[in-house]
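*Asks:* Quick one: the structure is below, and I'll ask about it shortly.
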Amino acid sequence: MARVLALDFGKVRTGIAVTDELQIIASGLTTVNTKELIPFLKNYISEENVECFVVGEPKQMDATASESEALIIPFLQKLSKAIPNVPVVRVDERFTSKMAFQSMIDGGMKKKQRKNKALVDEISATLILQSYLSSK
């Protein structure tokens with residue numbers, strides 16, 4: 001089987017999570033500067049077999065698209081041109097940042113560590129990926 005790679009897309013940086021080859025466990029991989037995201041993904045898929053990209057879909061409480069979606073759509077268009085053979089699946093990402101932050105608190109992380117926004121993004125990507133795996 002191939003891995004599934006999830007993205008918590010952001011204007012500045014993007015959190016990335018990945019499954020194991022059996023698609024059982026979702027783990028944080030890294031956080032990448034968004035400007036370097038497509039080259040990073042191209043390099044990653046040259047080394048690993050990836051079944052699909054799971055990209056968070058930010059929504060408002062009433063299920064309408066959030067303002068962030070305006071940044072994601074152009075990225076998805078670039079991604080499909082750059083890596084056309086890997087499909088993209090969208091997953092509702094409401095509350096993932098808050099859940100990531102809470103999991104950091106629950107895990108006993110110190111306040112200084114919780115201020116690391118890159119880590120919050122990586123954990124958010126992991127939550128998005130776990131949501132995808134649970135829905136399969």
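What follows is calculated from the coordinates using simple rules that are stated; it is not laboratory data. Quick caveat, the model's predicted, so the values are computed rather than measured. Every residue, glycine among them, receives a Cβ derived from its backbone with ideal geometry; neighbour counts consider all protein chains shown.
*Asks:* What FRET efficiency, computed as 1/(1 + (r/R0)^6) with R0 = 35 Å and r the Cβ-Cβ distance, is obtained for residue 42 and residue 110, rounded to the nearest 0.05? Working shown, then result.
*Replies:* Numbers: r = 36 Å, r/R0 = 1.02.
In this case the efficiency is close to 0.45.
*Asks:* A follow-up question, please. Taking θ as phi - 60°, what are the ³J(HN,Hα) couplings along segment 131-136 by the Karplus curve (6.51, -1.76, 1.60), each to the nearest whole Hz, with x for Gly and Pro?
*Replies:* For segment 131-136, the Karplus-derived couplings read 4, 4, 4, 5, 7, 6 Hz, x marking Gly and Pro.
*Asks:* Taking H as built 1.01 Å from N, whose amide H comes closer than 5 Å to the amide H of residue 93, not counting residues under 5 places away?
*Replies:* Amide H neighbours of residue 93: 57, 59.
*Asks:* Okay, moving on. By per-residue mean of other Cβ atoms within 10 Å, what is the highest-first order of 8-17, 32-41, 83-92?
*Replies:* Averaged packing, sorted descending, gives the order 8-17, 32-41, 83-92.
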